[in-house]
Amino acid sequence: MIRSCTAACGLALATMPAAAITLEDLAAVTVETQSVYDATVRRAEGDFKSQMTVVMKMQADAEGRIRGDVTRTVSTPFGPRSRSNPMFARIGKPGEPQSGGAGLWLLDGDKLVLLRALEQGGFKMEIEFKGSGKTLTCTARAPLVREDGATEIKSQQSVVGGPVTYLNATEKSTKCRIIRR
């Protein structure tokens, strides 16, 4: 009986959905992500290849308020440029980030998800959590996304000011780490 339960119980555990991340789990840590993109962008001064790095460092509290900052660094024909903006959001409530567009943070099972709409296209970050307490870890993915039928992603705000159009943008890497408080 024990042998058959071991196999059956192991199979049942392997097919169970991942444990949900809770606000209490998030309130105990700071989450930091770093995403790197290769892109071709269009600005007033022309089209050029660029690498963009986005670092988000955030904390949530037990009531679902997220506070932190977002730093974007881009390569331009005039050298690297960087801009930091504070991040204020509430999980489940739409908001307007300082860098433009509209955003919504959601808890979805074992993931914290950011959906961001720009003038055209957007951004979707999924931070997936595993473990709990001292064993909590995270991974992330954060692609820029096009609207159906659109070939470009457009934003009215850029790191160097003014509008920017992403002719293409490929997520090269995204890292996530947990900092215990």
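Coordinate-derived values only; no laboratory data. These numbers come from a predicted model, not from an experiment. Every residue, glycine as well, gets a Cβ built from its backbone with ideal geometry; the counts of neighbours run over all protein chains shown.
Taking Cα atoms, how many degrees apart are the long axis of helix 2-15 and the longest axis of the chain, rounded to 10 and kept between 0 and 90? So the helix axis and the longest Cα principal axis differ by about 20 degrees. Near Thr73: Cβ cut-off under 12 Å, other residues only, Lys/Arg at +1 and Asp/Glu at -1. The net charge is +3. When you restrict to C-alpha pairs under 8 Å that are six or more residues apart and normalise by the size of the chain, the relative contact order lands at 23 percent. Extension gain for the segment Thr135 to Ala62, taken as residue separation times 0.36 nm less the Cα-Cα distance, is 24.3 nm to one decimal. In the chain, the calculated helix contribution to ellipticity at 222 nm averages -3000 deg cm²/dmol per residue, counting -39,500 (n - 2.57) for every DSSP H run with n ≥ 4.
Within the shell of other residues whose beta carbon sits under 9 angstrom from the beta carbon of Asn168, the net charge comes to -2, with Lys and Arg scored +1 and Asp and Glu -1.
Could you identify which residue out of Arg43, Arg116, Arg146 has the top mean-square fluctuation in a GNM of the chain using Cα springs shorter than 10 Å? Comparing Arg43, Arg116, Arg146 in the GNM, the peak value goes to Arg43. Length available on full extension from Ala20 to Gln120: 0.36 nm per residue minus the Cα-Cα distance, which gives 32.8 nm. Positive contributions from Lys and Arg (+1) and negative ones from Asp and Glu (-1), summed over other residues with Cβ under 9 Å from the Cβ of Leu23, come out at -4. Relative contact order, whole percent, for the range 34-132 stands at 14, derived from Cα pairs under 8 Å and 6 or more residues apart. The lysine pair tally for the chain, using Cα distances under 21 Å and a gap of 8 or more places or different chains, is 22.
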